[in-house]
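Each reported figure results from applying straightforward, stated rules to the coordinates on display, with no laboratory input. What you see is a predicted model, and the numbers here were worked out from it, not measured in a lab. Using ideal geometry, Cβ is built from the backbone for each residue, glycine included, and neighbour counts are taken over all protein chains shown.
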């Protein structure tokens with residue numbers, strides 16, 4: 001006796017697919033509603049496939065195009081699937097209307113499923129499943145990766161020589177800031193501190209996936225800080241002459257590529273930052289500062305209006321130095 005194994009085959013509707021992709025991207029309906037100007041209730045009905053309670057189809061198609069564009073999907077394919085689902089619903093509706101029995105007449109129609117019909121049905125089902133899998137693989141291959149910059153906003157005025165770039169991308173994507181890699185956690189989130197020069201700074205953030213597709217965003221930031229009252233990333237007021245007699249202005253820059261470093265001004269908390277080749281860090285130091293660089297022969301420092309000098313021209317790796325107004329000193 002032949003036994004059959006029952007398998008549950010899941011077929012998603014257009015709304016269910018959109019909902020699944022949205023949740024995978026970590027985006028809420030409220031956020032999409034704000035960005036696309038579509039009512040949140042309409043978006044919820046689209047995901048549930050409740051088209052009958054929505055406006056005319058022409059408006060629904062407009063909603064779907066905006067929704068698909070926000071999720072970086074092919075809007076034409078989304079509309080095509082919508083038309084197919086509507087067509088199937090209309091066909092089923094007409095079939096049910098035509099199959100309604102005439103009053104007083106009995107319906108003796110039966111469908112006899114033979115092994116041959118069952119085999120054909122299974123083959124067609126397997127083909128459809130394979131086609132669906134192929135479609136989603138191609139869709140993933142052609143889709144550009146998601147890249148959301150949470151902060152800072154475009155053309156924001158920064159009252160500091162440091163800014164923290166915070167954003168989100170798809171899981172397993174690679175992210176670079178000004179062509180330098182940054183860490184992306186298991187949830188697709190990333191954050192990185194970047195040094196700013198006074199004036200306009202262009203920050204380029206790029207996300208790329210395993211299919212070599214990439215999404216790039218540029219942010220122009222205006223750094224407007226006063227070095228005369230700027231102390232290690234914080235504003236300090238009412239500095240008198242006695243407090244300022246040992247202070248000096250320090251500038252740190254990287255000549256080629258990026259450079260991770262940390263610094264500690266006096267007894268203040270240690271700060272960490274990545275400096276890129278097109279930016280520098282300026283600090284008002286009250287007394288002394290300790291600098292630790294991952295690339296000593298690529299880290300240049302300047303005290304007040306003096307000349308830039310290397311932390312150590314012979315060491316390619318990590319080194320720490322102590323600086324005061326007179327220059328480098330050994331701290332015992």
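Extension gain, residue 33 to residue 50: 0.36 nm times the residue separation minus the Cα-Cα distance gives 4.4 nm. Here segment 15-105 was treated as a single set of alpha-carbon atoms; its pair distances binned every 10 Å from 0 give 15, 46, 22, 10, 6, 2 percent.
The label point for residue 134 and the one for residue 246, both projected 7 Å from the Cα toward the Cβ, are 7.6 nm apart.
For a quick check: sort 11, 274 by the number of other beta carbons within 10 angstrom, fewest at the front. Before the final figure, lay out each step's value.
On the way: 11 9, 274 19.
Ordered from fewest to most neighbouring Cβ atoms within 10 Å, 11, 274 come out as 11, 274.
Projecting label points 7 angstrom from Cα along Cα→Cβ for residue 118 and residue 222 puts them 7.5 nm apart.
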